[in-house]
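Okay, so here's the structure we're looking at.
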Amino acid sequence: MQVVKKYPNGMASWVDLSTPDPAAAKEFYSGLFGWEFTDEYHEGTLIYHNALLNGYRVAGMGQQDEGMVTAGMPPMWTTYFNHDDVAGIADKATRAGGQVMFPPMQVMEEGHMTMIVDPTGAVFGVWQPLGHIGAQLVNIPNTLVWNELQTNAIGASRDFYAEVLGWEYDVNASGYVSCKVDGRAQAGMVAIEESWGDVPPNWGLYFLVENAASTVARAEELGGTILMPITEADGVGRFAIIRDPQGAIFSAIEYDSPPPPPPGH
């Protein structure tokens, strides 16, 4: 088991869940993935939960803001990309047509962060680590293995992320875009299709599982909803799209072959 110590700039390094009911979400994800949770306090106030697997951080969770709930914003998973200059990335994003949701801020002694809306409307975070490097375990069962931008403007998205995060791309015969950092494919882009319905541009994520069928069955037992049944991903494996009991959406994927080793060092 390789523990990640540092992520390259521009690579997805962390995901967290904004949910109106963290206690119920903990029950769901611990039952589905075997995660344990630690509660993080600041000046006596509970502010965050870290999900652990084998004692190592794999994801995070926070209470959804009441204003967001009142405004009808759904619970959601957010992807964060690592960079050692979050302020510089915020400036690049603005110049490239994105919207910085708030100026880069320090999160205690853990790191610096901001949130950005890309020109198509997809939201992502940028994380500059101090004490918290991001996910310590990835690319093993019950951890993050892939991040995917669903977008209605592939060309504009490619231009934006190339300028802001320095990505390069490969495109397969079906038009699927692999986003590369230092030659490593670490995320993807796919065009939103009309048949999907009213799906806004978004950054989705995939957790690796050993058996997709048993994961789907367990998710339903725990109160989740299967939005897309198990589907073959040619040359990769099989996946399903799941909505947790509070409404946040993620994918679970079973690979045909072992995934690449964790990034960084």
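Of the helices (runs of 4 or more DSSP H) lying entirely inside the stretch 1-112, those carrying at least 2 residues that are closer than 21 Å to Cys179 by Cα and either touching a residue at least 40 places away in the same chain (Cβ under 8 Å) or among the hydrophobic types (A, V, I, L, M, F, W, C) (or both) are 86-95. Would you check if Gly155 is modelled with pLDDT of 95 or more, within 19 Å of Ile249 (Cα to Cα) and out of contact with any Cys (no Cβ under 8 Å at 6 or more places or on another chain)? It is false that Gly155 is modelled with pLDDT of 95 or more, within 19 Å of Ile249 (Cα to Cα) and out of contact with any Cys (no Cβ under 8 Å at 6 or more places or on another chain). Taking the stretch 190-229 as the range and being within 26 Å of Cys179 (Cα to Cα), free of Cβ contacts under 8 Å to residues at least 24 places away in the same chain and among the charged types (D, E, K, R) as the test, the residues that pass are Glu193, Glu194, Asp198. Restricting attention to the stretch 52-111 and to residues that are touching a His at 6+ places or on another chain (Cβ under 9 Å) and among the charged types (D, E, K, R), the residue that is farthest from Ile249 (Cα to Cα) turns out to be Glu109.
A residue that is of a type in the set (Ser, Thr, Tyr) and in contact with a Pro (Cβ under 7 Å, 6 or more places away or on another chain) can be found somewhere in the stretch 112-120.
Within the stretch 143-169, the set of residues being buried (at least 19 other Cβ atoms within 10 Å of the Cβ), of a type outside the set (Val, Ile, Thr) and in a strand (DSSP E or B) comprises Leu144, Trp146, Asn147, Glu148, Leu149, Gln150.
The values are calculated or read from the model by the stated rules, or taken from the named source; none is laboratory data. For clarity, every value in this text was computed on a predicted model and none was experimentally measured. Ideal geometry is used to build each Cβ from the backbone, glycine not excepted, and the neighbour counts take in all protein chains shown.
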